[in-house]
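J.: Let me give you the structure first, and then I'll get to my questions.
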Amino acid sequence: MSRPGLQGRSRRIGLLLAAAGLCLMGYGVFRGEMDIVFEKAVRICMECIGIG
Amino acid sequence: MDKELNKDIDKTSVKVSNKKWDKKSDKEGNQKKKLAGKTGRQPSEWPRHGIQLLWALITNSYLAGFLQGRIYEGKLKNLCVPGLNCYSCPGALGSCPIGALQAVIGSRNYQWAFYVSGFLIFVGALVGRFVCGFLCPFGLIQDLLHKIPFPKKLRTFRSDRLLRKLKYAILILFVILLPMFLTDILGQGSPWFCKLICPAGTLEGGIPLVFLNSAMRSAIGWLYAWKNVLLSAIILASIVIYRPFCKYLCPLGAVYSVFNPISVFRYRTDPDKCVSCGACARACKMNCDPVKNSNDPECIRCGLCKKACPAGAISCGWKERESLSD
């Protein structure tokens, strides 16, 4: 039922991935992807509501 | 004579040891039965629903949108919310991560969305599908729909496990590949998941906007009808099956499920405390067995198993505990 140490390893992988996620977010913001997200989100998305 | 005596002694000692063993196992069995007897009642889910409702109200608190039939256009829309929350909902303050992912992947300028995928990795690696259980408005709607009484609720069926793989196919095909490769003459792709499938968009954005906005009403066509049929099917299915959209269709759940086994916030089952009564598996509406896998990709971390456990063997948290099972 248990494998001692597996939990600690998984948690460390989780922490590393969370840090990697933050770095990717930063890179995306640096590339200007946030502007695309903003432009899409402030106009009514016709596809999302089933009209476009 | 000696041999017969020895045989008699052996038989008596076996009987005595069997009796001792029987007494011990009876005692353990009674203890387990006692604990298992406490597990008959389904624990209350209303404290969790309170958190879900509060989060849904906070992230959809642009009241002017509901009154005037328009959407929020402020700076907060730069940020994604963790759950499936349509950014065309009149009250939405943030962006839907699945819609945003498709928007960037389908844009002319970028082939991949590092900002949104980084956000999903960050949230997933920290809490996994905790988001599905606590921070998704569409999850809350399905939770409440499942409380409607129905003569025969379906807990599982023959192709249940296989059908759960469908959400990964939807993620890869409709959220990534189609917006990336099926582009128009300008090189722009459509958000195919939002367009053809997303029931959250229909419910949170489509229906209120069409109801409140006459220009929208005049523009509805076959796509709107299709999306309403799909939404109705999911609503009806939610009464019979627990969270059918989350189990079989949701691409956001598919992303977070990958992170469940390695996320920092995790569930643990203590094998020393566990009495193997099966109360946790019976309580789980997503059909997970926390004793076999406390961080099953299908687990939405609602905490029902923890509440149902009569021995207090299930715990959750951020801290590392080496001796407990994974």
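J.: Give me the inter-chain shielding for B:97-107: mean count of other chain Cβ atoms within 10 Å, whole number please.
T.: Per residue, the number of nearby Cβ atoms from other chains is 4 on average.
J.: Still on this structure, please answer the following. Can you pull the accessible area of B:Phe157 for me, 1.4 Å probe, Å² to the nearest 10?
T.: For B:Phe157, solvent-accessible area is about 70 Å².
J.: Sticking with this one: Just grab the label-to-label distance for B:Leu162 and B:Lys147, each label 7 Å out from Cα along the Cβ direction, in nm (one decimal).
T.: For the pair B:Leu162/B:Lys147, the computed spacing is 3.5 nm.
J.: Next up: Please list 3J(HN,Hα) in residue order for region B:50-65, calculated via the Karplus relation 6.51 cos²θ - 1.76 cosθ + 1.60 where θ = phi - 60°; whole Hz, with x for glycine and proline.
T.: So the J values, rounded to whole Hz, are x, 5, 4, 5, 4, 5, 4, 5, 4, 7, 10, 9, 7, 5, 4, x.
J.: Quick one: which residues, 5+ away or cross-chain, put their amide H under 5 Å from the amide H of B:Ile241? H built at 1.01 Å from N.
T.: B:Leu154
J.: Given the C-alpha atoms of the protein assembly as shown, compute the convex hull and give its volume per residue in Å³.
T.: Convex hull of Cα atoms, per residue: 172 Å³.
J.: Can you send over the carbon and sulfur percentage of the accessible area for chain B, probe radius 1.4 Å, protein chains only?
T.: 65
J.: Further, regarding this structure: Helix-only estimate, please: 222 nm mean residue ellipticity of the protein assembly as shown, summing -39500 (n - 2.57) across DSSP H runs of length 4 or more and dividing by its residues, to the nearest 500.
T.: -15500 deg cm²/dmol
J.: Would you please state which residues of region B:71-114 a label at A:Cys23 would reach in this model, taking the label point 7 Å out along Cα→Cβ and a backbone N cut-off of under 20 Å?
T.: Only B:112-114 pass the distance filter.
J.: Going by a 1.4 Å probe on protein heavy atoms, which residues of region B:113-152 end up with at least 10 Å² less accessible surface in the whole assembly than in their chain alone?
T.: Going by heavy-atom accessible area, the residues of region B:113-152 that drop by at least 10 Å² are B:Phe114, B:Tyr115, B:Gly118, B:Phe119, B:Ile121, B:Phe122, B:Ala125, B:Leu126.
J.: To continue, here is another question. Report the B-A buried area as the accessible area lost on both sides summed, probe 1.4 Å, in Å² to the nearest 100.
T.: 4500
J.: How large is Rg over Rh for region B:46-259, taking Rg from the Cα atoms and Rh as the Kirkwood inverse mean of 1/r across Cα pairs?
T.: In region B:46-259, Rg relative to Rh is 0.95.
J.: Let me ask something else about it. Share of region A:6-49's accessible area from carbon and sulfur, percent, 1.4 Å?
T.: Result for region A:6-49: 68 percent of the exposed heavy-atom area is carbon or sulfur.
J.: What does the structure give for A:9-20 when I average, per residue, the other chain Cβ atoms found within 10 Å of the residue Cβ?
T.: Per residue, the number of nearby Cβ atoms from other chains is 6 on average.
J.: In nanometres, what is the gap between the two model label sites at B:Ala225 and B:Lys273, each 7 Å from Cα along Cα-to-Cβ?
T.: Placing both labels 7 Å beyond Cα along the Cβ direction yields 5.7 nm.
J.: Please give the solvent-accessible surface of B:Trp46 in Å², to the nearest 10, using a probe radius of 1.4 Å with every protein chain present.
T.: The accessible area comes out at roughly 150 Å².
J.: Tell me the volume per residue, in Å³, of the convex hull enclosing the alpha carbons of chain A.
T.: 115
J.: What distance in nm separates the simple spin-label points at B:Glu73 and B:Ala169, each placed 7 Å from Cα in the Cβ direction?
T.: Once both label points are built, they end up 4.2 nm from each other.
J.: May I ask which of B:Lys165/B:Lys273; A:Lys40/B:Lys307; B:Lys75/B:Lys227; B:Lys153/B:Lys306 have a Cα-Cα span longer than 31 Å here?
T.: Those over the limit are B:Lys165/B:Lys273; A:Lys40/B:Lys307.
J.: For B:Ser95, what residues show an amide H to amide H distance below 5 Å, using hydrogens built from the backbone and excluding near sequence neighbours?
T.: The answer is B:Leu79, B:Cys80, B:Val81.
The values are calculated or read from the model by the stated rules, or taken from the named source; none is laboratory data. No experiment lies behind these values; they were computed from the predicted model shown. Virtual Cβ from ideal backbone geometry, glycine too; neighbours counted across all protein chains shown. These accessible areas exclude ligands, DNA and RNA; they are computed on the full protein's heavy atoms, side chains included. Shrake-Rupley method; radii C 1.70, N 1.55, O 1.52, S 1.80 Å.
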